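Structure record follows, encoded as structure tokens.
The values are calculated or read from the model by the stated rules, or taken from the named source; none is laboratory data. All values derive from a computational prediction rather than experimental measurement. With ideal geometry, Cβ positions are generated from the backbone for all residues, glycine too; neighbour counts draw on all protein chains shown. Areas reflect the complete protein model, heavy atoms only, side chains present, ligands, DNA and RNA absent. Shrake-Rupley method; radii C 1.70, N 1.55, O 1.52, S 1.80 Å.
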Amino acid sequence: MNTWNITAPDLGLAAAIAQKIDTKTKPLGALGQLETLAYQIALVQQTLTPELRRPHVAVFAADHGVAQSGVSQYPPEVTHQMVRNFAQGGAAINVFCRQNGLGLTIVDAGVRGSFADLASVRNEKMAEGTQNFAHMPAMTAAQCADALQRGARLADELHARGCNVLGVGEMGIGNTSSAAVLMHLLTCQPLAACVGRGTGLDEAGVARKLSILTNAVAAYPTVGSDPLTALATFGGFEIAQMCGALLRAAEHQMLLLIDGFIATSALLVAARLAPNILAYCVFCHESGEQGHRLLLEELGGEPLLRLGLRLGEGTGCALAYSLVQAAVSFLNEMASFASAGVSDDSAT
């Protein structure tokens, strides 16, 4: 069994951080959510002068057996095709990472087919996709534990290279089905509230998806709310590797950028295993997938952006990163009332 040693940030600096924010040349609270973000980052890094070093997004890709049951608008082959697009620099995540100066790693966590010709794809292939959980568990307990450790090793490597900001994203046809079931089991929300359109299902498609997932959940009455059992039974290799990466990065006290519905489902599993992880998380956006708002509420997350995104890939992390930079920049560079010779008596 994996154990994770994540300590909550020490609150010893909390008052000093708050004072530094409150004495900037602005009315109290005038920078809104950026102030909350600056406070969080300073607390995570345990300093009044935080730094963002070698920020990185890791995109984990895998195929899902349940996609064969017709839960998605797109055929399973799209997972492999999109990973090739990532490797060639042509996807949205490539564009946004280049724009905002983020490193990018593409991880084959379990995609059908080979990427031997693409040196830029990290090979962490567990199998040629998970099993179809409509008929049997998605993975074994041993595979689940291995996936967590593979994600953790990537976080170790990035930390060793000086990275202190990690965002996670994913690609996997069928993975909103895994995310929906994990959310249902680990939050007790009705399954119908967790199941959405995914890549664009119509009403009939959503109804079919809900029916398939309802029958699948009923077939495993003993799974319950145990996070590792739920992850092994209904998860994906990319979700499990994201979960391991997030847990290990939090052990290293790195700032975690959380993307959309599927990435947040990986965080949900992580938070059930180690609740202190939530102190390190920046919730980058609220996606257009139906269950994401409820999942954010469950985790106490206030998203930085509400753009109706539902692409995955870590795109929300890359887009929100400029706000993370802004929070650190104002904390470090904005004048205080005292240093600027401005009276704060009239601040309104």
_Looking at the structure I just gave you, is G169 in contact (Cβ under 8 Å) with a residue 40 or more places away in the chain, assigned to a loop (DSSP other than H, G, I, E, B) and either crowded, with 20+ Cβ neighbours inside 10 Å or of a type in the set (S, T, N, Q) (or both)?_
no
*Out of the residues in segment 313-328 that are of a type in the set (G, A, S) and within 16 Å of the chain's Cα centre (by Cα), state the one that is surrounded by the fewest Cβ atoms within 10 Å (Cβ to Cβ).*
A320
*How many of the residues making up segment 229-242 are within 22 Å of A134 (Cβ to Cβ) and either under 13 Å from the mean Cα position of the chain (by Cα) or small (G, A, S) (or both)?*
7
_Test of understanding: among A138, A109, A116, A180, which residue is of a type in the set (A, V, I, L, M) and open to solvent by 10 Å² or more (accessible area, probe 1.4 Å)?_
A116
*Please tell me if E203 is out of contact with any Phe, Trp or Tyr (no Cβ under 8 Å at 6 or more places or on another chain) and under 17 Å from I106 (Cα atoms).*
no
*Please tell me if R310 is open to solvent by 10 Å² or more (accessible area, probe 1.4 Å), in a loop (DSSP other than H, G, I, E, B) and under 21 Å from S178 (Cα atoms).*
yes
*Could you tell me whether A204 is touching a residue at least 40 places away in the same chain (Cβ under 8 Å) and either of a type in the set (S, T, N, Q) or part of a helix (DSSP H, G or I) (or both)?*
no
*Mind counting the residues in segment 150-163 that are open to solvent by 10 Å² or more (accessible area, probe 1.4 Å) and assigned to a loop (DSSP other than H, G, I, E, B)?*
2
_I'm trying to understand the selection: among the residues of segment 191-222, which are within 30 Å of L257 (Cα to Cα), modelled with pLDDT of 95 or more and surrounded by fewer than 17 Cβ atoms within 10 Å (Cβ to Cβ)?_
A192, A193
_Which condition from (1) under 30 Å from E203 (Cβ atoms); (2) more than 22 Å from the chain's Cα centre (by Cα) is the one that M82 breaks?_
(2)
*Filter result for the condition that a residue is closer than 22 Å to P227 by Cβ, in contact with a His (Cβ under 8 Å, 6 or more places away or on another chain) and assigned to a loop (DSSP other than H, G, I, E, B), over A138, A127, A134*: A138
*Look at Q143 and say whether it is part of a loop (DSSP other than H, G, I, E, B), surrounded by 15 or more Cβ atoms within 10 Å (Cβ to Cβ) and either at pLDDT 95 or above or of a type outside the set (F, W, Y) (or both).*
no
_Given the criterion touching a strand residue (DSSP E or B) at 6+ places or on another chain (Cβ under 6 Å) and part of a helix (DSSP H, G or I), identify the matching residue among A232, A263, A270, A250._
A263
*Total residues in segment 313-348, condition in a helix (DSSP H, G or I) and among the β-branched types (V, I, T)*: 3
*Look through segment 283-307, keep the residues that are under 17 Å from T36 (Cα atoms), out of contact with any Pro (no Cβ under 8 Å at 6 or more places or on another chain) and in contact (Cβ under 8 Å) with a residue 60 or more places away in the chain, and return whichever of them is surrounded by the most Cβ atoms within 10 Å (Cβ to Cβ).*
L304
_Show the residue pairs meeting these rules: Cβ distance below 7 Å; 6+ apart or different chains; first residue within segment 318-342 and closer than 16 Å to P50 by Cβ; second residue open to solvent by 50 Å² or more (accessible area, probe 1.4 Å) and among the aromatic types (F, W, Y)._
none
